[in-house]
Structure formats: structure tokens, C-alpha cells
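Participant: Let me begin by handing over the structure; questions about it come next.
The values are calculated or read from the model by the stated rules, or taken from the named source; none is laboratory data. In this text, all values refer to a predicted model and were calculated from it rather than measured experimentally. A quick note on method: Cβ atoms are made from the backbone with ideal geometry, for glycine too, and the neighbour counts reach across all protein chains shown. Just so you know, the surface numbers come from the protein's heavy atoms only, side chains and all, with ligands and any DNA or RNA stripped out. Shrake-Rupley method; radii C 1.70, N 1.55, O 1.52, S 1.80 Å.
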Amino acid sequence: MTWDWAVFLNDDGSGRTYLQWMLNAWSWTLAVAGSSWVVAVLVGFFMGTLRTLPNSPWLVRLAGAWVELFRNVPLLVQIFLWYFVVPKVFPVMQQVPGFVLVVFALGFFTSARLAEQVRAGIQALPKGQRHAGMAMGFTTTQTYRYVILPMAFRIILPPLTSESMNLLKNSSVAFAVSIAELTMFAMQAQEETSRGVEIYLAVTLMYAVSAFAVNRLMALVERRVQIPGFIVAGGTGGGH
């Protein structure tokens, strides 16, 4: 078998090379993943926090229902629901671009997973931190903002890194609703060129590079925000 990497320099029939097409698809993949990550983090932290609120059983149940709904339905089904069903049920959503609908689907799906990690991170903290905040006169909101969430964020950074990488890879399902990302490029370019080996190897490399970049960026954040001597083990933690 001979490999022909020069296929990426060929014209795709629209005045651009396959390399330019692939780079454009890569930018769409990063845009979908990045926008979905913002939605996932904001909603995930909010819902995860609600799940740990004291004396707020209805908010805890509401957040729990959110997690169970979006965690237990396959991502591809959720994308189809957002893209085909939601605009039919809510006519105002018919004006929303398909890109945004995919971002909501992927972001909400990932937010349910992040919410559980946030909940676990908060519950891993010593109960004394919450009590100390309340003893200083902080409201519940202030206690979470200044005491609990900053420490919980440090605890969940490793699983947050994994979820961020998973989100990038999960963005590949956007091809199912014709978002021009890497997977869709690979399928179409392979059909046009019959050079599937070269096409899919190049796309695989781009996914790997992107995921590795996310991993290194999150590792940098983890080093920057770590507190020397802070340990969480067996539900206890403290600074030395």
C-alpha cells in the first residue's frame, strides 16, 4: 500500500485545498468544544453547588433531576432532540443557529457529569470550613463563594481535565447534524479522494494534539492554583 500525503494539496473543487478544508474543520471542532465547555462549567458548577445546599431540599432535588436527565440520555439522542425536536416544540428556537443548538446539547450533557464532580469535591472538604465561614458571619452564598468553591475547584481539577478532554472528543458527534467539524470533513474527504488512510490519520493526529493541549493547559492551571500542604484524604484536609 502506498500513501499519498500530497492529497491534502489537491483542490477540493471549490478553489481550496483539502488541507485548508481540514484546518477550517479543525477550527469548527475547537469552536464547538470551547463554547460547550463554557456552558458545561457554568451550569455544572451551579447545579453541583445546588446539590450540596443545606436546608434547601427542593433545590437539591431540582439539581438532582437535572443531573439524572442529562446524564442518562445518550449524547447523540440529545443532539437530535435539540436540533430537530426543540425548534418544533418552541418555534422561537427555529431562529437559533444549529451551531448554538449543538453547543447547548453538548454543554448540558457535560454539565451533568461536572455537577457530580463538583458535588463530590464540596463534600470532600472538612465540614469545619463551612462552619468557620458561617461563624465569621458569612451568608451561605458568601461561604460558598469565598471558602468552599475555591477549595473544591482545586480538588476537582484532575477529573475536570478528563471531562474537558472528553468534551473535545465528544464534539465529533456534531457531524450528525451537519456541523462542518473534523469528523464530517474526514467522511466527506474520504469519499471524494478514496484516500481514507491519510485522511483519518491526519484527523486522528489533530484530535490527539488538541486533547494533549487541553491536558497541558489544565495541568498548568492546577500548578498555578495549588495550595502547598493542602491534602484531601478520607474526607479530611488542611494546610500545614
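Participant: It is to be established whether one or more residues within the stretch 84-93 are on the phi < 0 side of the Ramachandran plot and assigned to a loop (DSSP other than H, G, I, E, B). Walk me through how you get there before you give the answer.
Facilitator: Here is the first cut: in the stretch 84-93, the ones on the phi < 0 side of the Ramachandran plot are 84-93.
Next cut, assigned to a loop (DSSP other than H, G, I, E, B) only: 90.
Looking through the stretch 84-93, at least one residue is on the phi < 0 side of the Ramachandran plot and assigned to a loop (DSSP other than H, G, I, E, B).
Participant: Moving to a separate point now. Hey, Ala152 hits all of (1) hydrophobic (A, V, I, L, M, F, W, C); (2) surrounded by fewer than 16 Cβ atoms within 10 Å (Cβ to Cβ); (3) under 20 Å from Ile122 (Cα atoms) but one; which does it fall short on?
Facilitator: Going through (1) hydrophobic (A, V, I, L, M, F, W, C); (2) surrounded by fewer than 16 Cβ atoms within 10 Å (Cβ to Cβ); (3) under 20 Å from Ile122 (Cα atoms) one by one, Ala152 breaks only (2).
Participant: If you take the residues of the stretch 121-147 that are among the β-branched types (Val, Ile, Thr) and free of Cβ contacts under 8 Å to residues at least 60 places away in the same chain, which of them is farthest from Gly48 (Cα to Cα)?
Facilitator: As a first pass, look at the stretch 121-147 and keep what is among the β-branched types (Val, Ile, Thr): 122, 139-141, 143, 147.
Filter once more, keeping what is free of Cβ contacts under 8 Å to residues at least 60 places away in the same chain: 139, 141, 143, 147.
Working: Thr139: 18, Thr141: 14, Thr143: 15, Val147: 16 Å.
Within the stretch 121-147, the match that is farthest from Gly48 (Cα to Cα) is Thr139.
Participant: If you scan the stretch 85-103, which residues turn out to be under 20 Å from Val32 (Cβ atoms), surrounded by 10 or more Cβ atoms within 10 Å (Cβ to Cβ), free of Cβ contacts under 8 Å to residues at least 24 places away in the same chain and not aliphatic (A, V, I, L, M)?
Facilitator: Pro87
Participant: Return the residues of the stretch 22-52 that are farther than 24 Å from Glu163 by Cα and either touching a Leu at 6+ places or on another chain (Cβ under 6 Å) or buried (at least 19 other Cβ atoms within 10 Å of the Cβ) (or both); say none if nothing qualifies.
Facilitator: The one that is farther than 24 Å from Glu163 by Cα and either touching a Leu at 6+ places or on another chain (Cβ under 6 Å) or buried (at least 19 other Cβ atoms within 10 Å of the Cβ) (or both): Met22.
Participant: Can you pull out the residues in the stretch 114-140 that are closer than 14 Å to Phe46 by Cβ and of a type in the set (Val, Ile, Thr)?
Facilitator: Selection gives Val118, Ile122.
Participant: Out of Leu81, Leu62, I need the residue that is of a type in the set (A, V, I, L, M, F, W, C) and without any contact (Cβ under 8 Å) to a residue 24 or more places away in the chain. Which one? If you could, list the steps in order and put the result at the bottom.
Facilitator: On the way: Leu81 fails: without any contact (Cβ under 8 Å) to a residue 24 or more places away in the chain.
It is Leu62.
Listed here are the residues, each with its yes/no results for (1) under 21 Å from Met218 (Cβ atoms); (2) of a type in the set (Ser, Thr, Tyr); (3) modelled with pLDDT of 95 or more.
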residue: Trp37; (1), (2), (3): yes, no, yes
residue: Ala40; (1), (2), (3): yes, no, yes
residue: Pro54; (1), (2), (3): no, no, no
residue: Val73; (1), (2), (3): no, no, no
residue: Tyr83; (1), (2), (3): no, yes, no
residue: Val86; (1), (2), (3): no, no, no
residue: Val89; (1), (2), (3): no, no, no
residue: Phe99; (1), (2), (3): no, no, no
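Participant: Restricting to the stretch 108-141, and then to whatever is of a type in the set (D, E, K, R) and within 23 Å of Gln78 (Cβ to Cβ), can you tell me which residue is nearest to the chain's Cα centre (by Cα)?
Facilitator: To start, the set of residues in the stretch 108-141 that are of a type in the set (D, E, K, R) comprises 113, 116, 119, 127, 130.
Those still in the list that are within 23 Å of Gln78 (Cβ to Cβ) too: 113, 116, 119.
Details: Arg113: 9, Glu116: 14, Arg119: 17 Å.
Going through the qualifying residues, I end up with Arg113.
Participant: Being assigned to a helix (DSSP H, G or I), of a type outside the set (Lys, Arg), surrounded by 15 or more Cβ atoms within 10 Å (Cβ to Cβ) and out of contact with any Cys (no Cβ under 6 Å at 6 or more places or on another chain) is true for just one of Gly128, Gly121. Which residue is that?
Facilitator: Working: Gly128 fails: surrounded by 15 or more Cβ atoms within 10 Å (Cβ to Cβ).
None of the others qualify; the one that does is Gly121.
Participant: Just checking, does the stretch 170-192 include any residue being over 30 Å from Leu101 (Cβ atoms), assigned to a helix (DSSP H, G or I), out of contact with any strand residue (DSSP E or B) (no Cβ under 7 Å at 6 or more places or on another chain) and open to solvent by 70 Å² or more (accessible area, probe 1.4 Å)? Spell out how you get there, then give the answer.
Facilitator: Residues of the stretch 170-192 over 30 Å from Leu101 (Cβ atoms): none.
Checked against the condition, which is being over 30 Å from Leu101 (Cβ atoms), assigned to a helix (DSSP H, G or I), out of contact with any strand residue (DSSP E or B) (no Cβ under 7 Å at 6 or more places or on another chain) and open to solvent by 70 Å² or more (accessible area, probe 1.4 Å), the stretch 170-192 yields no hits at all.
Participant: Does at least one position in the stretch 71-81 carry a residue that is part of a helix (DSSP H, G or I) and within 30 Å of Pro150 (Cβ to Cβ)?
Facilitator: Here is the first cut: in the stretch 71-81, the ones part of a helix (DSSP H, G or I) are 71, 75-81.
Then keep just the ones that are within 30 Å of Pro150 (Cβ to Cβ); that gives 71.
Yes, there is a match, as at least one residue in the stretch 71-81 is part of a helix (DSSP H, G or I) and within 30 Å of Pro150 (Cβ to Cβ).
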